[in-house]
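I have placed the structure first, in the form of structure tokens, so that the comments after it can refer back to it.
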Amino acid sequence: MNLLDTTSTVAISLYALLSTAYKSMQAIYSVPAYDSSASERLAGFDELPSVDVIVPCFNEDPRTLSDCLASIADQVYAGQLRVYVVDDGSGNRDVLRPVHETYARDPRFKIILLPQNVGKRKAQIAAIRRSDGDMVLNVDSDTILASDVISKLVPKMQNPAVGAAMGQLTASNRDDSWLTRLIDMEYWLACNEERAAQGRFGAVMCCCGPCAMYRRSALVMLLDQYESQYFRGKPSDFGEDRHLTILMLKAGFRTEYVPDAIAATVVPNRLRPYLRQQLRWARSTFRDTLLGLRLLPGLDRFLTLDVVGQNLGPLLLALSVLTGLAQLALTGTAPWWTILMIVAMTGIRCSIVAFRARQLRFLGFSLHTFINIFLLLPLKAYALCTLSNSDWLSRGSAGNSSNKTGKQAPIQSPVTELSNAEFSAHATPLRRLNLARDSSRFSDV
């Protein structure tokens, strides 16, 4: 056995042991995190808290934005609800105007027009500083909420120690392509295993941006730190959801996961946009890893295992693959142990998830292994080497805004009458949320 073969064998064996350990613990802890009765208890509040929903948008498709706002308008929540739609200097503001005007008629909605693109984080902050609700719900402009999302998230916030809570994410365009189907399954795993297990200890490491609720008192306390994040002397404008979650944990608040608060978001349906998104997320994760590591001594030991597994595991897998490929190129000998180990782990993993989710489609998630090994691992290595790059990658130029005054301009009332049917085609995407709800209910195994 030569050096390359030995290195590949040892690396993949260590990866298998580490992955099995933390994935097994993750599966065990993720089940108790689900409590169907918790979402129905509101006894902790003398009265229902007011909720401000913040929706930053930039160059959004009008129909997508309208679907998002309609799902918020349709929320079944007895407490006070206000919605702040922040147009972040969109270059297509003229085509978005009918949507703005339609929802400006609703007294619960306020439309804020920023004169130029300042980034999602600053757009959120502009609305947060205008609002005064007890809770703040951040929602991405391409996300559709189930009608009970707010009523499911609010009970989790009745504990004053909880600073943030996120719902379960699904892909609203799951049926678009093979890639969107894989991403939808990836979201299920990330939510119902990773976040659910972390939520068992009140330490979800990333309350995802498409649907996350925050306690205002905690948020206001952290707002300056959130706004002024820098990396190597440069403003860090992406990864706002992960950074804000870490700040919450650092301040001593719990962060929770609510599996039956369903939000469906648009995911990339082509490989290139998906890889750009993953590159941005990888840079964000690496930037906040050090800050997250400092929290681990005060958290449960499982969370240390979880963080180590998620960061060290890919390195061991990459080392095993690289040495295996080098062995094949230099000696013509295939690294059979590495290949068999990866195939076996993939098969076992997908079979267990298919059983837990009661959906055979998860057997097809084995295709994600090829994407992970040959695309995502090299991409993460590139992200690590280019951490100072703060480009959004998926964002274009905002173009010139129609507002040149340098001030935020809220729309007070609509200018023209619009057809109610023009932006009311919401039935299809909302029906998909019922399927997502079914997929979230796994058995206690």
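Solvent exposure of the stretch 97-242 amounts to 32 Å² per residue of accessible area, where only protein heavy atoms count and the probe is 1.4 Å.
Coupling constants for the stretch 58-69 follow from the phi torsions by the Karplus curve (6.51 cos²θ - 1.76 cosθ + 1.60, θ = phi - 60°), and in residue order they are 9, 6, 6, 5, x, 5, 5, 5, 5, 4, 4, 5 Hz; glycine and proline get x. Between GLN158 and ASP175, the modelled label-to-label distance comes to 3.8 nm, taking each label 7 Å out from Cα in the direction of the beta carbon.
Dipole of the stretch 184-306 computed with +1 at Lys/Arg Cβ and -1 at Asp/Glu Cβ about the Cα centre; of SER217, ASN192, SER236, farthest Cα towards the positive end is SER236.
Within the stretch 243-282, list the trypsin sites (Lys or Arg not before Pro) lying in a DSSP loop whose Cβ has at most 16 other Cβ atoms in a 10 Å radius.
Answer in residue order: ARG270.
To the nearest 20 debye, what charge dipole does the stretch 45-178 have about its Cα centre, counting +1 at the Cβ of each Lys and Arg and -1 at the Cβ of each Asp and Glu? It would help to have the intermediate numbers written out before the result.
Details: 15 positive and 19 negative charges, 77 e Å.
Dipole size: approximately 360 debye.
Hey, any idea what % of the stretch 226-288's accessible area is carbon plus sulfur with a 1.4 Å probe? Intermediate values should be presented prior to the final figure.
Values: 1160 of 2430 Å².
Whole-percent figure for carbon plus sulfur exposure: 48.
Scattering from the C-alpha atoms of the stretch 256-367 alone, worked out with Debye: what is log10 I(q)/I(0) at q = 0.12, 0.14, 0.18 1/Å? Here the Debye-derived log intensity ratios amount to -0.73, -1.00, -1.41. The mean sequence separation of alpha-carbon pairs under 8 Å and at least six residues apart, normalised by the residue count of the stretch 49-183, gives a relative contact order of 34 percent. In this Cβ point-charge picture (+1 for Lys and Arg, -1 for Asp and Glu), the stretch 183-281 has a dipole of about 300 debye about its Cα centre. Note on the stretch 162-211: Cα-Cα pairs beyond 14 Å make up 52% of the total pair count.
Both radii are taken from the alpha-carbon atoms of the stretch 99-194; with Rh as the Kirkwood radius, Rg/Rh is 1.00. Other residues whose C-beta falls under 12 angstrom from the C-beta of SER217 contribute a net charge of 0, scoring Lys and Arg +1 and Asp and Glu -1. Remark: the stretch 110-237 carries a charge dipole of roughly 460 debye about the Cα centre, counting +1 on each Lys and Arg Cβ and -1 on each Asp and Glu Cβ.
The values are calculated or read from the model by the stated rules, or taken from the named source; none is laboratory data. Keep in mind that this is a model prediction, so the values were computed, not measured. FYI the Cβ positions are ideal-geometry reconstructions off the backbone, even for glycines, and counts take in every protein chain you see. For the accessible areas, the whole protein counts, side chains as well, though only heavy atoms, and no ligand, DNA or RNA atoms are used. Shrake-Rupley method; radii C 1.70, N 1.55, O 1.52, S 1.80 Å.
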